[in-house]
Amino acid sequence: MTGMLAFRKARKKLRMGTICSPNSGGTKTVDVCNADWMGSLPPRLSTLPLSNLAIPGSHDSFSYWVDEKSPVGPDQTPAVKRLARISFVKKLMKKWSVTQNLTFREQLEAGIRYFDLRVSSKPGDAEREIYFIHGLFGIKVWVGLMEIDSFLTQHPREVVFLDFNHFYAMDDAHHEYLIQRIQEAFGTKLFPSERVENVTLKTLWEKKCQVLIFYHSPLSMQYPFLWPGHRIPAPWANTTCVRKLILFLETTLGERAPHGAFHVSQAILTPRVKTIARGLVGGLKNTLVHRNLPMILNWVKTQKPGVLGVNIITSDFVDLVDFATTVIELNNLLLQGDRALSKC
């Protein structure tokens, strides 16, 4: 009961608008700080498999900044690359490539613990440097990893999922370079691939590990600290319709394997060509996300974590609504059995 009371007090503080301390980069802070939410969970929840907890994540997590002066990424079609030769086209592309407002640090402070990562080499880059990518190139992966590691060092009971799920223009040498950089960035914080049911916060705290790396490439088999991609399925609705999205989320949750994998519910809408054409200047946020996110959040509020419940839930523009806190508070539902017993 003591743990539950502490958790309630922590949640009450968050609802009152506890402000995160400014980060060293001088960027803006978020309204509500969930920087230590994992470390603040009641002991009962810290012993449950992480696959049974509700964990907030972000879609295209790195895309808070993309470089409109960079080449168009290899994730785009030849037709888009030809169009991008027109000067203003990249400015419009940027409006549809950006899916987050917050930096990695700000997302972490807001409570985001799962990061959806797509990476690529850059044409004409003499080094083997790897960049985040979504239509246009973002920051160097190394810079992002160091930002995440800095947060984790300051918050030693927080754990992150880094899901490298798309690779573009990368040969074996590029992969080896990226994997080496991952190891350099996190070192002993990396938690090796293990039975999913054995992964609890308590276990991670005891081993002083904070990072699970999922790597959707056969190379994951060669490194003990890389988890294979099939351990974290993330079914994608590929729709602009909220009703179809919610039906898809419900269906795929119903098909979730009870053991052996985490599960990502991608609570996102995906623009089609005609969507982009109609809202060309408005961009993704103003055309599709802003008006639909409250309905998506209402679906989140009806969910419950657990063996066959929600696990990781991702969203675009996680700061537009109280997304992270809403997901985190679903974990209270896992304590209902304890409350019932306490009344007996």
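The values are calculated or read from the model by the stated rules, or taken from the named source; none is laboratory data. Just so you know, these numbers come straight off a predicted model, no measurement behind them. We place every Cβ from the backbone using ideal geometry, glycine too, and count neighbours over all the protein chains shown. When the accessible area is computed, the model is the full protein with side chains, heavy atoms only, and any ligands, DNA or RNA have been set aside. Shrake-Rupley method; radii C 1.70, N 1.55, O 1.52, S 1.80 Å.
Summary table
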quantity	calculated
Checklist (1) of a type outside the set (A, V, I, L, M); (2) modelled with pLDDT under 90; (3) touching a helix residue (DSSP H, G or I) at 6+ places or on another chain (Cβ under 9 Å) applied to Ser46, failing item	(2)
Some residue of the stretch 213-224 being in contact with an Asp or Glu (Cβ under 7 Å, 6 or more places away or on another chain) and either of a type in the set (D, E, K, R) or in a helix (DSSP H, G or I) (or both)	no
Boolean, Thr275 is among the hydroxyl-bearing types (Ser, Thr, Tyr), modelled with pLDDT of 95 or more and either open to solvent by 70 Å² or more (accessible area, probe 1.4 Å) or assigned to a helix (DSSP H, G or I) (or both)	no
Subset of the stretch 164-178 [within 22 Å of Phe262 (Cβ to Cβ), in contact with a Ser or Thr (Cβ under 9 Å, 6 or more places away or on another chain) and not aromatic (Phe, Trp, Tyr)]	His166
Every residue from the stretch 100-118 that is of a type in the set (A, V, I, L, M, F, W, C) and either crowded, with 23+ Cβ neighbours inside 10 Å or free of Cβ contacts under 8 Å to residues at least 60 places away in the same chain (or both)	Phe104, Leu108, Ala110, Ile112, Phe115, Leu117
Test result for Leu162, open to solvent by less than 10 Å² (accessible area, probe 1.4 Å) and in a helix (DSSP H, G or I)	no
Criterion (over 18 Å from Leu48 (Cα atoms) and surrounded by 16 or more Cβ atoms within 10 Å (Cβ to Cβ)) met by exactly one of Phe214, Phe191	Phe214
In the stretch 54-84, the residues that are β-branched (Val, Ile, Thr) and open to solvent by 30 Å² or more (accessible area, probe 1.4 Å)	Thr77, Val80
Pairs where the first residue, in the stretch 316-335, is at positive phi and the second is surrounded by 22 or more Cβ atoms within 10 Å (Cβ to Cβ), C-beta under 8 Å, 6+ apart	Phe317/Thr99; Phe317/Gln100; Phe317/Leu293
Which listed residue, of Ser97, Ser51, Ser87, Ser121, is open to solvent by 20 Å² or more (accessible area, probe 1.4 Å) and of a type in the set (Ser, Thr, Tyr)	Ser87
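Each row is one residue, and each column tells you yes or no for (1) of a type outside the set (Gly, Ala, Ser); (2) farther than 30 Å from Met170 by Cβ; (3) open to solvent by less than 70 Å² (accessible area, probe 1.4 Å).
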| site | (1), (2), (3) |
| --- | --- |
| Gln222 | yes, no, no |
| Asn238 | yes, no, yes |
| Ala257 | no, no, yes |
| Ile268 | yes, no, yes |
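Table: residues versus (1) closer than 18 Å to Gln266 by Cβ; (2) outside any strand (DSSP E or B); (3) open to solvent by 10 Å² or more (accessible area, probe 1.4 Å); (4) touching a Lys or Arg at 6+ places or on another chain (Cβ under 8 Å).
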position: Thr287; (1), (2), (3), (4): no, yes, yes, yes
position: Leu297; (1), (2), (3), (4): yes, yes, yes, no
position: Gln303; (1), (2), (3), (4): yes, yes, yes, no
position: Phe317; (1), (2), (3), (4): yes, yes, no, yes
position: Leu320; (1), (2), (3), (4): yes, yes, yes, yes
